[in-house]
Every structure is written in structure tokens, then in C-alpha cells.
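The values are calculated or read from the model by the stated rules, or taken from the named source; none is laboratory data. Predicted, not measured: the structure shown is a model, and the values here were computed from it. Ideal geometry is used to build each Cβ from the backbone, glycine not excepted, and the neighbour counts take in all protein chains shown. When the accessible area is computed, the model is the full protein with side chains, heavy atoms only, and any ligands, DNA or RNA have been set aside. Shrake-Rupley method; radii C 1.70, N 1.55, O 1.52, S 1.80 Å.
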Amino acid sequence: MSRDAQGRTSMDADHPAGIGEMPTSAARAVPAAEVEALARHHYGLNATAHPLSSERDQNFHLRCADGREYVLKITHPAEDRLVSNMQTQALLHVAAVDPELPIQHVVRARNGEPDLSLSFPGEAPTRVVRVVTYAQGEPLHKVRRTPAQRRDLGRGLARLGLALRDFSHPAASHDLLWDLKQASRVRELLVHIQDSEKRTLATRFLDAFERNALPLLPKLRAQVIHNDLNPHNVLVQPDDHDRVSGILDFGDLVHAPLICDVAVAAAYQLSEEGSPLDAATEFIAAYHAASPLERIEVDLLFDLIATRLVMIVAISGWRASQHPENRTYLLRNNPAAWSGLERMAALSRSEAQASLRRACSME
């Protein structure tokens, strides 16, 4: 399981027009022994290194003899250095603003820098290296969901949004494939959905996004957001699954409407029985109680949640066709996304809006 996978940045000429993503050409695999030497030399850490799975970067779990644990990340050579620096600076900023928020903390190198640009054998470009603390806990996707857990997650994301409120960085408006405000770009990927009924369903919700939400997004308050609070990026306490112990992966940071952060997270909190929004409203209500949402934001949540689901099935389906060797990892969220879309299709937009307003005590 990846504990520090990075986001989709930059452009690749091999991708369909308008679709931006980190180039996927394989980089040289850095051996664990080389990572261990790097950790000793640059961080003063005598540790054993064990690789963690990731889409493009190389991540290693470092275990020191004294029991300390860290994650060492080596970015893909093609990653934009400014974007990587934004992720580092965001972690530092959040830790300073809200020290108790359960995020991974940056470990500075022996020279005092929070990240390093290092050369590796056989590669011309340097690669960014960062070490962060290893977050302890059980992955959210492996435990039973509960209302109390959803409420704690809502409060946690609200705190993170408040901590990032004043954060700025030159790379904040970078091109990101998973940027919800640019969801129209995935329309050309819908052709890769082989099932015609599913393709029609995805198209229907993308049409609704462009009709109902897209014209209003520029009018909403915006800031740098986490943008990827999915169950693989959340840890809970081993002895209390209702309490969040870790919010991971700042790789999809982007400047966007704040409500997009709520919608992305809520898309992974849909109910399997009853109304699909029943569970999501518990999460949303807790977020609203900690960081009040505006009525116009709440009224767009139905469209934005559905659009995130469309992005999941469109992007991951396309990428799985391009990289069949990583198919299982890429498609891990697809079954739930299709189920969510099919069940949300049974709701009217007005009914959904009314339900979400009630959850936020707006009616």
C-alpha cells in the first residue's frame, strides 16, 4: 500500500489533447541498499529500507534500530520540482498552523533543508528526495465505516482546510488531471468505457456538471485544497476506528474552490443502502459544523460528488488500459464509483439539495 503516492502533474504529449498528467515512463529503480546509504549520509538515519507501492515515484518505509519510522520519497525524474516543493511547504505550513492535526511531518536533512535535489547513477536530471514521519494506524479502506468515524473525518478535513487557508505557492495553480474544476477534460476519455449504458450514465452527470456547476465555480471562495481524501489516504486508530490518526498524501494539492475538497471526500462516503447521500451527509454536516459552508456551495455538492465519481471511472479506466500491469491498483476505487453513480442517478437534484441543506441546518 502506498503511504505517500504523489499526484498527477505536468503534461505528456502521448496523452489525449487537454489531458495533463505526470509522464509515466519508468525511472531507474533505486535499490534499498542505496536508499539506506542515502538516509545515513543526508539524514543521519541508520535504518533498513522497505519499498512501498506507488504509481510513479519510489517510496520506502525506513525502520531505525531505535524504533523510529519514516517514509523516504524519491520523486520521478520528470516531476516538476516546483510542484514537489509545494507539497513540502504545505506540510510545513500545516504543521505550524495546526500542530495537532494528524499529518506526516517533514524531517529536515542534515543540512537543514526540508527536501533535497540529488543525482542518481545513470540519470541526467536530479530527483527530489523528502523524508516524512511514518503515520501509524489502520487504513480506512480496511475497516468498517461508522457514523462517528465519518464525523471525525469531516472535522479533520475542515481543520486541514482552515490550516491551508492562508497557504500560497507559485505552483498552486499547476495543471492537475484530478482537478475537479477542470472535469470537462475527461469527456474525451469516456470513449474508453466499453459498456454503453455506463458510458451514457457518466456522460449524463458530466453534462449536468457543465450545466449546473461549472458556470458558478469561478464565483466561489477558493484556496489550496488537499483534493484527495479517499479511504487509501486516511488512517484510523488501531484501537478506535472512529478516530482518524492520519491524513496522508498531499500529492494532489491544487488551488480550487474549497467545496471541491468536500465533494471529493464525500464521494468516498456514500451509503450502500438507502439514499446514497445518507452517510455522506454525516461527513458533510461535521465539516460544516467545524468550518461553515455557504448555501451556494452546499447546493453544488450533488453535482460535484457525482462528477468526482465520473472522473474516477474515466481516468482510472483509461490509465488501466494504458498500464495493464498496474491495473489492480489503478482500478481499486472503480466498483464503488460505478455503484455510487448508479444509485445517485435515482435521486433528483432538488431532492439531493434539500437533503444536504437539512444536514447543514439551512432549511
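Scanning residues 5 or more positions from Val107 or on other chains, those with amide H under 5 Å from its amide H are Val131, Val132, Thr133, with H placed 1.01 Å from N in the peptide plane.
Other residues whose C-beta falls under 12 angstrom from the C-beta of His288 contribute a net charge of +2, scoring Lys and Arg +1 and Asp and Glu -1.
Solvent-accessible surface of protein heavy atoms, probed at 1.4 angstrom with all chains present, puts Asp166, Asp115, Asp179 in the order Asp166, Asp115, Asp179, largest first. Under the criterion of Cα pairs below 8 Å and six or more residues apart, the relative contact order for the range 101-162 equals 30 percent. In the chain, what percentage of the DSSP-assigned beta bridges are antiparallel, given to the nearest 5? In the chain, DSSP labels about 95 percent of beta bridges as antiparallel. Across the range 65-81, rounded Karplus estimates of 3J(HN,Hα) from the backbone phi angles (6.51 cos²θ - 1.76 cosθ + 1.60, θ = phi - 60°) give 4, 8, x, 5, 9, 9, 10, 9, 10, 10, 6, 4, x, 8, 5, 4, 4 Hz, Gly and Pro being marked x. The alpha-carbon positions of the range 254-306 define a convex hull whose volume is 78 Å³ per residue. For Lys73, a cut-off of 20 angstrom between C-alpha atoms picks up these aspartates and glutamates, skipping any fewer than 8 places away in its own chain: Asp4, Glu21, Glu34, Glu36, Glu55, Asp57, Glu113, Asp115, Glu123, Asp228, Asp249, Asp252.
How high is the relative contact order of the range 281-363, in percent, with contacts defined as C-alpha pairs under 8 Å that are six or more residues apart? Intermediate values should be presented prior to the final figure.
Values: 52 pairs, mean separation 40.0, N = 83.
Value for the range 281-363: 48 percent.
Ordering Glu79, Glu273, Glu188, Glu34 by accessible surface, largest first, gives Glu273, Glu188, Glu34, Glu79; the 1.4 Å probe counts only protein heavy atoms, with every chain in place. The residues packed around Asn227, meaning those with a beta-carbon under 9 Å from its beta-carbon, carry a net charge of -4 if Lys and Arg are +1 and Asp and Glu are -1. Backbone amide hydrogens, once placed in the peptide plane, bring His323 within less than 5 Å of nothing, excluding anything fewer than 5 places away on its chain.
For Arg243, the residues whose amide H sits under 5 Å from its own are Gln237, ignoring neighbours fewer than 5 places away on the same chain, with H placed 1.01 Å from N. The residues packed around Ser350, meaning those with a beta-carbon under 15 Å from its beta-carbon, carry a net charge of +1 if Lys and Arg are +1 and Asp and Glu are -1. Computed over the chain with a Gaussian network model linking Cα atoms closer than 10 Å, the most mobile of Pro114, Pro218, Pro77 is Pro218.
Could you look at the chain and say what percent of its accessible area is carbon and sulfur, using a 1.4 Å probe and all protein chains? Heavy-atom surface of the chain belonging to carbon and sulfur, 1.4 Å probe: 49 percent. Over what distance in Å are the Cα centres of the range 23-98 and the range 189-224 separated? Comparing the Cα centres of the range 23-98 and the range 189-224, I get a distance of 35 Å.
For the chain, adding -39500 (n - 2.57) for each run of n ≥ 4 DSSP H residues and dividing by the number of residues yields -12000 deg cm²/dmol at 222 nm.
The fraction of Cα-Cα pairs per 10 angstrom bin, counted from 0 for the range 99-172, comes to 14, 30, 32, 19, 6, 0 percent, rounded to whole percents.
Segment Asn212..Arg165, full-extension length gain: 14.3 nm, with 0.36 nm per residue of separation and the alpha-carbon distance subtracted.
Take the alpha carbon gyration tensor of the range 172-329, find the square roots of its eigenvalues, order them as a ≥ b ≥ c, and report rounded if a/c is under 1.5; if not, report prolate when a/b exceeds b/c, else oblate.
Numbers: a/c = 1.44, a/b = 1.18, b/c = 1.22.
Because its axes are fairly even, with a/c under 1.5, the range 172-329 counts as rounded.
Extents of the range 59-115, taken as max minus min of Cα coordinates on every principal axis and listed largest first, are 35, 29, 22 Å.
The simple Förster model, with R0 at 22 Å and r as the Cβ-Cβ distance, assigns Asp242 and Gln136 a FRET efficiency of 0.85.
With the contact rule set at Cα under 8 Å and sequence spacing of 6 or more, what percent relative contact order holds for the chain? Averaging sequence separation for qualifying contacts and normalising by length gives 17 percent for the chain.
Each residue of the range 284-297 was assigned a 3J(HN,Hα) from its phi angle through the Karplus expression (A = 6.51, B = -1.76, C = 1.60, θ = phi - 60°), giving 5, 4, 5, 4, 4, 5, 8, 8, x, 8, 8, 4, 4, 5 Hz with x at Gly and Pro. Rounded to the nearest Hz, the phi-derived 3J(HN,Hα) couplings of the range 103-109 under the Karplus curve 6.51 cos²θ - 1.76 cosθ + 1.60 (θ = phi - 60°) are 10, 6, 10, 5, 9, 6, 6, where x marks glycine and proline. Listed by chain and number, the lysines whose C-alpha is less than 25 Å from the C-alpha of Lys181, apart from same-chain residues fewer than 8 away, are Lys198, Lys219. Helix 349-359 and the longest principal axis of the Cα set of the chain meet at an angle near 70°.
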